[in-house]
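See structure below.
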Amino acid sequence: MIDSKVIEAFHLMWDHFPEPVTLVHKSREVIAVNGACKSIGREVGINCATIGTPEAHKGCLANQALANRQPAFKKGKFGEKDIISYWLPIDGYPDFFIHFGVGVTIDYDAV
């Protein structure tokens, strides 16, 4: 069971971030989602590895971020969009990480 303070902190920090963000357990169960994530149909309780195609998860760096306790990121594609994906470990909670991509819902080149 995750401490409710972590979920509260997630929402305080990420609810108004304009890109989809998830709080994820190492099992890949999504524990919390922000508003942008809800708007594209993501829900608490799903397995994040089942979202989209299997190819979309080939470069997943969650295990690296969890093992090294350091942020991990990579450039990639989300459909036709160029994005940067991030996996952020959470201090004091070694089984959880924050996952999001910049460029998923916003075309920053058009802004």
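The values are calculated or read from the model by the stated rules, or taken from the named source; none is laboratory data. Computed from a predicted model, the values in this text were never measured in an experiment. For neighbour counting, all protein chains shown are included, and Cβ atoms are generated from backbone atoms with ideal geometry for every residue, glycine included. Surface areas here come from the heavy atoms of the whole protein model, side chains and all, with no ligands, DNA or RNA. Shrake-Rupley method; radii C 1.70, N 1.55, O 1.52, S 1.80 Å.
Miscellaneous remarks
- The residue that is most open to solvent (accessible area, probe 1.4 Å), counting only those in region 38-49 that are touching a helix residue (DSSP H, G or I) at 6+ places or on another chain (Cβ under 9 Å) and without any contact (Cβ under 8 Å) to a residue 24 or more places away in the chain, is GLU43.
- Of residues in region 81-111 being more than 17 Å from TRP14 (Cβ to Cβ) and not hydrophobic (A, V, I, L, M, F, W, C), the one least open to solvent (accessible area, probe 1.4 Å): ASP95
- Some residue of region 14-24 being surrounded by fewer than 15 Cβ atoms within 10 Å (Cβ to Cβ) and outside any loop (DSSP other than H, G, I, E, B): no
- Scope region 53-80; condition of a type outside the set (S, T, N, Q), modelled with pLDDT of 85 or more and closer than 22 Å to TRP14 by Cβ; matching residues: CYS60, LEU61, ALA62, ALA65, LEU66, ARG69, PRO71, ALA72, PHE73, LYS74, LYS75, GLY76
- Comparison of ALA67, ALA49 shows that the only residue that is of a type outside the set (S, T, N, Q), under 14 Å from ARG28 (Cβ atoms) and outside any strand (DSSP E or B) is ALA49.
- Matching residues in region 1-43 - criterion: being within 12 Å of the chain's Cα centre (by Cα), of a type in the set (A, V, I, L, M) and farther than 17 Å from GLY101 by Cβ: ILE31
- Qualifying residues in region 70-80 (those that are in contact (Cβ under 8 Å) with a residue 12 or more places away in the chain and outside any loop (DSSP other than H, G, I, E, B)) - the one surrounded by the most Cβ atoms within 10 Å (Cβ to Cβ): ALA72
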